[in-house]
1. Looking at the stretch 365-374, can you tell me whether even one residue there is surrounded by fewer than 17 Cβ atoms within 10 Å (Cβ to Cβ), modelled with pLDDT under 90 and either in contact with a Gly (Cβ under 7 Å, 6 or more places away or on another chain) or within 26 Å of L40 (Cα to Cα) (or both)?
2. From the list M508, M527, M459, exactly one residue is in contact with a Phe, Trp or Tyr (Cβ under 7 Å, 6 or more places away or on another chain) and assigned to a helix (DSSP H, G or I). Which is it?
3. Quick check on the stretch 255-264. Is at least one of its residues modelled with pLDDT of 90 or more, surrounded by 24 or more Cβ atoms within 10 Å (Cβ to Cβ) and out of contact with any Asp or Glu (no Cβ under 6 Å at 6 or more places or on another chain)?
4. Hey, can you tell me all the residues within the stretch 595-604 that are in contact (Cβ under 8 Å) with a residue 60 or more places away in the chain and either among the charged types (D, E, K, R) or surrounded by fewer than 24 Cβ atoms within 10 Å (Cβ to Cβ) (or both)?
5. Among the numbered criteria (1) at pLDDT 90 or above; (2) assigned to a helix (DSSP H, G or I); (3) surrounded by fewer than 22 Cβ atoms within 10 Å (Cβ to Cβ), which single criterion is violated by P497?
6. Would you confirm, using the coordinates I've provided, whether S160 is of a type in the set (S, T, Y) and touching a residue at least 24 places away in the same chain (Cβ under 8 Å)?
7. Using the structure shown, decide if K254 is in contact with a helix residue (DSSP H, G or I) (Cβ under 9 Å, 6 or more places away or on another chain) and either part of a helix (DSSP H, G or I) or within 18 Å of A9 (Cβ to Cβ) (or both).
8. Taking the stretch 394-431 only, how many residues are touching a Cys at 6+ places or on another chain (Cβ under 9 Å) and not in a loop (DSSP other than H, G, I, E, B)?
Amino acid sequence: MIKFGKWIAKHKVIIVIISMLLLIPSFLGMAATRVNYDILSYLPESLETVEGQDIMVDEFGMGAFSMVVVEDMELKDVAALKEKFQNVEHVKDVLWYDSVADLSIPVSMIPEKFKDGFFNDDATMMIALFDNTTSSDAAMEAVSDMRKIANEQCFISGMSGVVTDIKNLALEEMPIYVVIAACLSLLVLLLAMDSLVIPVLFLLSVGLAVVYNLGTNIFFGEVCYITKSLTAVLQLGVTMDYSIFLLNSFEAYKKKYDSKDRAMAHAIADTFKSVAGSSVTTIAGFLALCVMTFALGRDMGIVMAKGVVIGVICCITTLPAMILVFDGVIEKTKHKPLVKSLDKASGFITKHYKVWLLVFLVMLYPAVYGNNHTQIYYNIDKSLPATLDSNVSNEKLKEDFDMSTVHMILLKNGLDSKEKTQMLDQIDKVDGVKWSLGMNSLIGPTFPESMIPSNIKKMLQSDNYEVQFICSEYSSATDECNAQLDAIQKIVKKYSPESMVIGEAPLMKDLQDTTNVDLQRVNILSMAAIFLIILFVFKSISLPFILLFVIEFAIFVNMAIPYYQGVTLPFVASIVIGAIQLGATVDYAILMTSRYQKERRKGFGKKEAVMNAHKACALSIMTSGFSFFAATFGVAWYSKVDMIGAICTLLSRGALISMACVIFILPAMFIIFDKVICKTSIDFLGEKANQLVQDEAGAPGTGQAAFPGNSSERAAGLLGLLGDRRKARKPVSHRKRCVLCVHAGHGRSLGAICAANHGKTWR
């Protein structure tokens, strides 16, 4: 890997130029990648509700619809408005009063069900049918064109309107997400580092990786708007610590080598070894999302995992090249960092480890309880501001007609008029059903089917199915609505087993059922994958449990806070946060663990090793954690889409909580379980350290070989090991220290060793 590092250093200018040129195809790929704004489209195709959507398109040439409420308008003006709507591209038809009767016929004379469903005082309703599915570009264009035609007395509701508003809002906000995340992260890095240029280069490197990632999404055809919105933010927060590691390694090697190119070559080699290992856990956390039946998980998981891989590549290629190219400017812009050292804090934290353990124990039950009782909502329009057109229209629909949603029945042909009437009469008796409407309802029960107008038949009947509408006063994704759907489904299946209930609310119910299973599956798989990775890296049975326990505790605390705040979370946030927070922040714990093991192998006792590890890692962990927090917090504060805002809120808070747990609680765990860790890990102390223990016990060995350096350092290393081995709680006496110095001194006289190490000789 050093050869590769030397090649990067030698061709630094060419690499910088190539990195910039790669932006061209990346931007073209971004522009060509379609963005999907409909969450419901990610449901499994095997679901009956999803199959019903396809049948609607194939059999009737329509896949979505919108309810249009018109207030205080003459019938002839409503008819003229309806005609304009019908002329809009992708509007297949519009169902209203004049679809079944001439305007000259008084409203009082039309069938009762139709009148109750489409008229209420000075308000009337029509149903606009689109020739494509809810989330299609065609349906969204149709809604946008209808809104241009509509006046202040006209309100267009329905899922297609919601998706249209999501699209407009996301397109407006997404560029600002990147700016906010970059600016706040830059601020943190400027305060934490000793150069004005390095933070800019860090952000530029990560920015290039983000663009490359988004550009390569063209191979998938489309991505969800949530994925696209969060990619830049998450990639910035997750991969920033890789850049910090490279810089620290480079600064260390500059002290060792006169050549900066040589120092960077070694830094690249070290970074790759460390980052490649730690990034695997992050990738595993993201890839765990791919097992979700709800395909949004696969969409987000693959894109984010790909982003981490690209981030690692840029960290060992583009970033080193830029640092070397701008090294002169970097040196000229150096300044004193805000925090130079945390040594005193590290000493305080490790000394009072029992206090942090007590805090952990006190918080454990409230965290678990709150996590298990946090409320989740599935209604997509609830994630949008109440002032948007779709939500205003939905409120008008409820206000004027006491209805919240409309279900559709795809009724298999074969039932006679009497059976259809009986079925709808039973459905009318279900709690929360305002009315049910079939073809027979449009002309009245006393008329034969042959009297149904041909335009109505063409609109509502195909060779295999008939469409019927069910009006519900219950909102989608509520317990009342789900119970209502179960009752309607039971009635429909009794009369016609091949028929199905479809629409927004049935899709929402399937969404709830699907994601409830996915939540457990994702959490288990992400923990299992990361457990195995930690097991492999550290060759330890106990360490995976300890690290996962600490980070999972952080996740529980994070998810419990909304419960105690009385905040309801969108379902997407609850599903992805566990895997993302675990994958993104377990690196903090791995970094601390690696350094703790390194210090133990040097011969330090458990407390000294933990304190040294804390001194070495705390500042880097805090820099990375606060950078992650800054990037996600800014987006959470700004976003008006709760699906995105809630995820970023959880991630920003989760970064701080995970950081705090690693800094305060993990060291306490190491001190308490040190003996268990050593016994349940293969070669945790290292062969050389173990050999010193054998030496002290009388076995042959070479203390000097195990701990190179002066006699004082070797004696200190040996004392650390023996102190733990003997469980000594008091300082080792001068006499014992001198005896140990003989073991470490490799043949030097006792008096000389004592004089060198302790300033006096033992007699």
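The values are calculated or read from the model by the stated rules, or taken from the named source; none is laboratory data. Predicted model, so just to flag it, every value in this text is computed and none were measured. Every residue, glycine as well, gets a Cβ built from its backbone with ideal geometry; the counts of neighbours run over all protein chains shown.
1. First, the residues of the stretch 365-374 that are surrounded by fewer than 17 Cβ atoms within 10 Å (Cβ to Cβ): 365-366, 368-369, 372-373.
Those still in the list that are modelled with pLDDT under 90 too: none.
No, there is no match, as no residue in the stretch 365-374 is surrounded by fewer than 17 Cβ atoms within 10 Å (Cβ to Cβ), modelled with pLDDT under 90 and either in contact with a Gly (Cβ under 7 Å, 6 or more places away or on another chain) or within 26 Å of L40 (Cα to Cα) (or both).
2. Values: M527 fails: in contact with a Phe, Trp or Tyr (Cβ under 7 Å, 6 or more places away or on another chain); M459 fails: in contact with a Phe, Trp or Tyr (Cβ under 7 Å, 6 or more places away or on another chain).
Answer to the check: M508.
3. yes
4. Filtering the stretch 595-604 down to residues in contact (Cβ under 8 Å) with a residue 60 or more places away in the chain leaves 596-597, 600-604.
Result: Q597, R600, R601, K602.
5. Going through the list (1) at pLDDT 90 or above; (2) assigned to a helix (DSSP H, G or I); (3) surrounded by fewer than 22 Cβ atoms within 10 Å (Cβ to Cβ), P497 breaks only (2).
6. Values: of a type in the set (S, T, Y): yes; touching a residue at least 24 places away in the same chain (Cβ under 8 Å): yes.
Judged against the criteria, S160 is a match.
7. Spelling it out, K254 is indeed in contact with a helix residue (DSSP H, G or I) (Cβ under 9 Å, 6 or more places away or on another chain) and either part of a helix (DSSP H, G or I) or within 18 Å of A9 (Cβ to Cβ) (or both).
8. Residues flagged as touching a Cys at 6+ places or on another chain (Cβ under 9 Å) and not in a loop (DSSP other than H, G, I, E, B) within the stretch 394-431 amount to 4.
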